[in-house]
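Working notes, beginning with the structure itself.
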Amino acid sequence: MKTLTITRPDDWHIHVRTGAILKTVLPHTARQFARAIIMPNLKPPVTTVAQALVYRDEILAALPEGADFMPLMTLYLTAATTLAEIQAAAASAHVYAFKLYPAGATTNSDAGVADIRAIYPLLAEMEKLAIPLLIHGEVTDEQCDIFDREKVFVDSQLSAITANFPALRIVLEHVTTEEAVQFVLAANANVAATITPQHLLFNRNAVLAGGIRPHYYCLPIIKRESHRQALLKAATSGNPKFFLGTDSAPHSTALKETACGCAGCYSAYAALELYAEAFESVNALDKLEAFASFYGADFYRLPRNTGTITLAKTSWLAPASFGADDLQITPLKANETLAWQLVAL
Ligand code: DOR
Ligand code: ZN
């Protein structure tokens with residue numbers, strides 16, 4: 001049987017939520033990944049170091065017995081964030097970045113930033129203290145076509161941020177377009193990007209053709225095939241600016257399968273398997289280890305993991321759902337065949 005053994009990876013972008021959802025999804029991530037950057041878009045958002053430490057304790061308490069996993073906390077940037085909070089975050093052993101959500105861009109982003117220029121003094125402090133800024137790169141202008149929102153953000157906002165703060169360490173999260181890839185490639189070495197499995201595996205037909213498939217709906221929305229090809233090329237290029245971030249974002253099946261469904265794909269249950277399928281599709285399995293296990297750690301200035309995981313080329317059926325009867329989470333590729341399976345830790 002064909003197998004693939006790589007250094008234990010990290011997930012540089014994940015939503016694990018709280019409470020019952022956290023308990024359901026966290027074991028999936030902790031099984032594969034040594035560390036993960038935990039998104040702060042809770043209700044209410046995690047905006048202070050003190051809140052992040054409470055959330056971190058909840059995550060640690062939800063880990064299965066014997067799990068070897070470290071949550072890397074982030075703070076939700078708002079117009080009310082203070083310079084003192086940025087200094088506290090930079091000094092904290094547990095907070096690794098700030099997350100910028102343009103107000104209204106996605107799930108629980110109401111508290112996000114409406115006017116990015118107004119928070120430039122905060123970005124200056126982050127640049128000075130070398131704490132990374134993680135960006136949800138979409139404009140929220142209702143007049144802007146949803147398929148153009150990332151490209152317009154890159155042109156109108158991101159280029160101004162990088163021009164004004166050339167040393168700011170930036171991760172453009174979950175890139176979905178050729179334009180975003182080109183921007184990151186042309187930017188300084190301190191500008192990087194994460195790429196999700198769904199944006200590598202699917203184009204927008206998966207969401208919309210032959211029926212609306214809510215479990216493929218996420219933000220930024222999956223784009224047309226040419227963009228998927230650009231993302232695949234970037235992810236498998238061996239360029240350290242591109243690394244793994246699943247953006248696994250669980251919502252209950254009820255909140256996805258409804259007239260106005262939530263954005264988010266639940267991929268954590270088989271994250272590496274999904275990436276392996278994408279990399280294999282372009283004969284680039286040899287590039288998976290660095291994308292999954294090296295470049296992100298290097299960007300965050302953390303040691304690379306020791307230990308390995310092994311995947312085998314063996315097909316299996318993804319479950320229809322996870323969780324208790326009163327909390328069902330339908331995963332990406334539910335009831336579909338996956339080509340790779342994690343076999344050893
Ligand atoms: O699809 C998404 N879901 N995109 C995001 O940016 C947020 C996430 C969530 O928290 O559900
Ligand atoms: Zn996200």
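Please specify each residue of the range 244-271 satisfying the condition of being within 12 Å of ligand 1 (Cβ to nearest atom), part of a loop (DSSP other than H, G, I, E, B) and surrounded by fewer than 21 Cβ atoms within 10 Å (Cβ to Cβ).
Ser252, Gly261, Cys262, Ala263
Give the range 92-113 a look and list any residue that's farther than 17 Å from His13 by Cβ and either of a type in the set (D, E, K, R) or within 13 Å of ligand 2 (Cβ to nearest atom) (or both), or say none.
The answer is Asp110, and nothing else.
What residue, among those in the range 212-237 that are touching a Phe, Trp or Tyr at 6+ places or on another chain (Cβ under 8 Å), of a type in the set (A, V, I, L, M, F, W, C) and outside any helix (DSSP H, G or I), is surrounded by the fewest Cβ atoms within 10 Å (Cβ to Cβ)?
Ile221
Would you point out which residue out of Leu345, Leu285 is among the aliphatic types (A, V, I, L, M) and either modelled with pLDDT of 95 or more or over 15 Å from Pro9 (Cβ atoms) (or both)?
After applying the criteria, what remains is Leu285.
Scan the range 70-82 for residues that are out of contact with any strand residue (DSSP E or B) (no Cβ under 7 Å at 6 or more places or on another chain) and open to solvent by less than 20 Å² (accessible area, probe 1.4 Å) and jot them down.
If the condition is that a residue be out of contact with any strand residue (DSSP E or B) (no Cβ under 7 Å at 6 or more places or on another chain) and open to solvent by less than 20 Å² (accessible area, probe 1.4 Å), then Thr81 is the only one that fits.
Quick check on Asn188: is it out of contact with any Ser or Thr (no Cβ under 6 Å at 6 or more places or on another chain), within 20 Å of Asp11 (Cα to Cα) and open to solvent by 20 Å² or more (accessible area, probe 1.4 Å)?
Considered against the rule, which asks whether it is out of contact with any Ser or Thr (no Cβ under 6 Å at 6 or more places or on another chain), within 20 Å of Asp11 (Cα to Cα) and open to solvent by 20 Å² or more (accessible area, probe 1.4 Å), Asn188 comes out as no.
If I filter the range 22-51 down to residues being assigned to a loop (DSSP other than H, G, I, E, B) and within 19 Å of Tyr266 (Cβ to Cβ), which single residue comes out as nearest to ligand 2 (Cβ to nearest atom)?
Among residues in the range 22-51 that are assigned to a loop (DSSP other than H, G, I, E, B) and within 19 Å of Tyr266 (Cβ to Cβ), the one nearest to ligand 2 (Cβ to nearest atom) is Met39.
For the range 297-345, give me each residue that is free of Cβ contacts under 8 Å to residues at least 40 places away in the same chain and under 30 Å from Asn190 (Cα atoms).
Matches in the range 297-345: Arg301, Pro303.
Does any residue of the range 321-339 turn out to be under 15 Å from Ala34 (Cβ atoms) and either modelled with pLDDT of 95 or more or in a strand (DSSP E or B) (or both)?
no
Report, by residue number, each residue of the range 107-129 that is within 22 Å of Cys265 (Cβ to Cβ) and buried (at least 22 other Cβ atoms within 10 Å of the Cβ).
Of everything in the range 107-129, just one residue is within 22 Å of Cys265 (Cβ to Cβ) and buried (at least 22 other Cβ atoms within 10 Å of the Cβ), namely Gly112.
Of everything in the range 12-23, what is within 15 Å of ligand 1 (Cβ to nearest atom) and open to solvent by 30 Å² or more (accessible area, probe 1.4 Å)? Give them in sequence order.
Arg17, Thr18, Ile21
I'd like the residue in the range 5-47 that is among the β-branched types (Val, Ile, Thr) and under 23 Å from Asp298 (Cα atoms) and, out of all such residues, is nearest to the chain's Cα centre (by Cα).
Ile14
Within the range 7-21, which residues are part of a strand (DSSP E or B) and of a type in the set (D, E, K, R)?
Passing the criteria: only Asp11.
With respect to Thr176, is the statement that it is modelled with pLDDT under 95, within 16 Å of ligand 2 (Cβ to nearest atom) and farther than 30 Å from Asp57 by Cα true?
So Thr176 fails the test.
Residues of the range 53-103 being on the phi < 0 side of the Ramachandran plot, of a type in the set (Gly, Ala, Ser), more than 20 Å from the chain's Cα centre (by Cα) and in a loop (DSSP other than H, G, I, E, B), which ones?
Ala67, Ala79, Ala80, Ser92, Ala93, listed by residue number.
Okay, residues lined up against (1) surrounded by fewer than 20 Cβ atoms within 10 Å (Cβ to Cβ); (2) within 16 Å of ligand 1 (Cβ to nearest atom):
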| residue | (1), (2) |
| --- | --- |
| Asp10 | no, no |
| Lys43 | yes, yes |
| Ala61 | yes, no |
| Asp68 | yes, no |
| Ile86 | no, no |
| Ala90 | yes, no |
| Ala93 | yes, no |
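The values are calculated or read from the model by the stated rules, or taken from the named source; none is laboratory data. Remember, predicted model here, so these are calculated numbers, not experimental data. Every residue, glycine as well, gets a Cβ built from its backbone with ideal geometry; the counts of neighbours run over all protein chains shown. Note: accessible area is taken over every heavy atom of the protein model, side chains too, but ligands, DNA and RNA are not part of it. Shrake-Rupley method; radii C 1.70, N 1.55, O 1.52, S 1.80 Å.
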